[in-house]
Amino acid sequence: MLKVKVINQSTNEFYESCLEPKQTDALECLIGRHPSCDLVLDGPTVSRVHGRILFQGQRCYFSDLGSTDGSRLNNETVAVTQSYALATDDVIRLGEFALLVESIEQMPQTQPTITAPSTDTITLRCVQIIQETSDVKTFRFRAEPARLFDYKPGQFITLKLNIDGKPINRSYSISSSPSRPHMLEITVKRVPAAQEGMAPGLVSNWLHDHLTVGNTVDSQGPFGHFNCIDHPADKYLLVSAGSGITPMMSMAQWLWDTGSTSKIVFIHSARTPADIICRQRLELMARQNPNLELAWTLTRPTTGVPWSGYRGRLGEILLKAIVPDFECFTTFVCGPQGFMDSTKSLFEGLDFPMKNYFEESFGGAKGPKKSAPKAAPMLEVEAAPVVIATQEADQSAEPVVVFAKSNKEVSCDGDDCLLDVAEQVGIEMASGCRMGSCGVCKHQLIEGSVTYDDEPGGLSESDRDNGQVLVCVARPVGRVVLSA
C-alpha cells in the first residue's frame, strides 16, 4: 500500500489517499482525470490516464503512461513508460498536483503465473511501429477489448494471419516486459530470400510491408518454457545473436523494473554496430542499472566506423574475457541455429553445469509442401483403445496417416508434419507455436510411430508414456493412426 498526500498547488487544497491495487493479478493503481482511475485528479493539465503506481514486493514504482504534459519526480522530468522506484518523502508532480509519498507498506511478492498455454484468441491493435535498424521493426500492440497482458519474460505469442487467402501462423518472442502490462511488443527482422527455401521470410516481411498503425491481428499465447521467472538466480548471463535479442530484452527489462538485485551480464553478437537491435534502449538501461553489464561483439569488419567493443564470434577466450566466472551464472541463450549449436558446444566443452543452461532457437516453422497429399477414399475406422505404438513401423512403406475421428486416410510425404497433412485435407486441429514448444497440439497416437527433427519441449514424460504426440512437428513413419 502507498500512502500519499495529494496537494492541489492551484487551490492549496490537500488530502490524504491510500493506493492499493484492487485486483491481485494486476498489482497496479492508475492515476488520471478519468473517473475509472484509482486516484482521480480533476485538473485541466492532467491526462485522462496520466500515470500508474506499480507494486512489486517491498517496492513501489511510478510510470508516466504518455501523458500530454508529462510528469516529474523530485523536480526531474521522467521518461515515458519508464519505471522509477519510489521512497518516502518523494514528490510526484502531475500538472497542478503534487503527490507526497508518506509511507510504503510491503505488498505480497507476486510473479506472473501461467498455469497452461492459452488457446483463446486475443485481438491486438497496432498502436506504434519503431524502426530499430534498417531491417528490424518493433510493433507495439494493445489488446482489443482492453486488458492487461500477463506472461513470463522470455515467452512468445503466435500470430494468426491470413496472407493471400491462406491462414498462416507464426510465433514471435515478446520483446516487452510484463512489468508494463498495458502494451505488448514484438521485434521482427526482415528475412531476405537467400535465407529460406520457400517464400522469403513470408510472415516477417508481410508484417514489415503491410502492418500499419491501426491494423489488428489475432494472436494466441503466451507459450514457451524459456523464461527467467522459473529459474531465479543471483547471477544471469544472457547470450544472444541477431533477433535472438528479443526475449533477452524482455528479461532484462523485467529484472530492472521489478528492482531485482541480481547481476546481469548481457552478451550480444551482431554483424555491425548498425545491426545491434535496441542498442540505445539497452545502453540507457545499463546506465541506470549498475547490476547490468553489456558486451557487444561484432562478427564483420567495420570500415570507417569507430568501434571500441569486442570483435569476433563467441569462443572460450572472448567468453572468459567478458565474464571470467561464467560457470557461476544461470545462462540463457537465443539466436540462429548455427549460433545456438556453437554456443552450446562451447559451454559443454568448458564443463559448464548444463542444468543452468537454457536455450530458445529462432527458426521458423516448416512450411507445407507445395504438392497436396493424396486423399484415399473414405474408410470406416473403428474406435480403438489407447495403444502406445505397439506395432513395429515399416520404415520402407509410404507414409499414410489415418485420422480416426474424421474417417480419412491420407498418403503423404515423409517430410510432412501431421498438422500439415491435416490442414491440407481440411481437418481442423488446435495448434499454437507450430515449433513443438507450447504443447497445444497434443494428440493421441493410436497406432504406429512418428519421428521428430529435434526433441520437442512441449511433451512431458507422462505425455510420452501415454502415447501423446505433437502434431506440429511429428512426422509419420509408415502407417500411423491418429485420434483426430
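The values are calculated or read from the model by the stated rules, or taken from the named source; none is laboratory data. Nothing here was measured: the structure is a model prediction, and the numbers come from that model. No Cβ is skipped: glycine too gets one built from the backbone with ideal geometry, and neighbour counts run over all protein chains shown. The protein model used for the area step is the full one, side chains on, heavy atoms only, and it has no ligands, DNA or RNA in it. Shrake-Rupley method; radii C 1.70, N 1.55, O 1.52, S 1.80 Å.
In region 421-484, which GluC sites (Glu not before Pro) fall in coil by DSSP and have 15 or fewer other Cβ atoms within 10 Å?
Here the GluC sites (Glu not before Pro) that fit, given the DSSP loop and packing criteria, are 428.
For n ≥ 4 DSSP H runs only, could you compute -39500 (n - 2.57) per run for the chain, divide by its residues and tell me the 222 nm figure to the nearest 500?
Computed mean residue ellipticity for the chain: -4000 deg cm²/dmol.
Using a 7 Å offset from Cα along Cα-Cβ at residue 299, what residues in region 312-348 end up with backbone N under 11 Å from the label point?
312-314, 335-343
What distance in nm separates the simple spin-label points at residue 123 and residue 69, each placed 7 Å from Cα in the Cβ direction?
Each label point lies 7 Å from its Cα, and together they span 3.5 nm.
Mind pulling the angle between the C-alpha long axis of helix 337-349 and the longest principal axis of the chain? Nearest 10 degrees, somewhere in 0 to 90.
80 degrees
Give me the distance in nm between label points sitting 7 Å out from Cα along the Cα-to-Cβ direction at residue 12 and residue 131, one decimal.
Spacing of the two 7 Å Cα→Cβ label points: 5.3 nm.
Not counting ligands, DNA or RNA, and with a 1.4 Å probe, what is residue 134's accessible surface area in Å² rounded to the nearest 10?
110 Å²
Please report the Cα spread of region 233-342 along all three principal axes, rounded to whole Å, starting with the longest.
Sorted from largest, the Cα extents of region 233-342 read 40, 27, 24 Å.
With both partners inside the chain, how many of the DSSP beta bridges are antiparallel, as a percent to the nearest 5?
70 percent
Cα-Cα over 23 Å: which of 152/355; 320/355; 137/355; 5/152; 405/442?
Violating the 23 Å Cα-Cα cut-off are 137/355; 5/152.
Suppose every Lys and Arg Cβ carries +1 and every Asp and Glu Cβ carries -1, with no other charges. What dipole size does region 213-317 come out with about its Cα centre, to the nearest 20 debye?
Dipole magnitude for region 213-317 comes out near 420 debye.
Taking a quarter of the surface of the convex hull around the Cα atoms of region 431-477, what do you get in nm²?
2.9 nm²
May I ask you to derive the FRET efficiency for residue 287 and residue 166 from their Cβ-Cβ distance with R0 = 45 Å, giving the value to the nearest 0.05?
Calculated value: 0.45.
Find, among the chymotrypsin sites (Phe, Trp or Tyr not before Pro) in region 125-223, those assigned to loop by DSSP (not H, G, I, E, B) with at most 15 other beta-carbon atoms within 10 angstrom.
none
Please arrange 357, 452 by accessible surface area, largest first, computed with a 1.4 Å probe and ligands excluded.
Result, largest first: 452, 357.
Given contacts defined as C-alpha pairs under 8 Å and at least six residues apart, what's the relative contact order of the chain, whole-number percent?
That works out to 10 percent.
Average the reciprocal distances over every distinct pair of alpha-carbons in region 146-260, invert the result, and give the Kirkwood radius in Å.
15.4 Å
May I ask what percent, to the nearest 5, of DSSP beta bridges between residues of region 161-280 are antiparallel?
Beta bridges within region 161-280, antiparallel portion: roughly 35 percent.
What are the extents of the Cα atoms of the chain along their three principal axes, in Å, largest first?
The Cα atoms of the chain stretch 85, 53, 41 Å along the principal axes, largest first.
Within the chain, which is the longest segment containing none of the trypsin sites (Lys or Arg not before Pro) that sit in a DSSP loop and have at most 10 other Cβ atoms within 10 Å?
23-369
Restricting to Cα pairs below 8 Å that are 6+ residues apart, what does the relative contact order work out to for region 278-363? Please round to a whole percent.
Relative contact order for region 278-363 comes out at 23 percent.
Which whole-angstrom value gives the distance between the alpha carbon centres of region 405-464 and region 240-271?
Between the Cα centre of region 405-464 and that of region 240-271, the gap is 33 Å.
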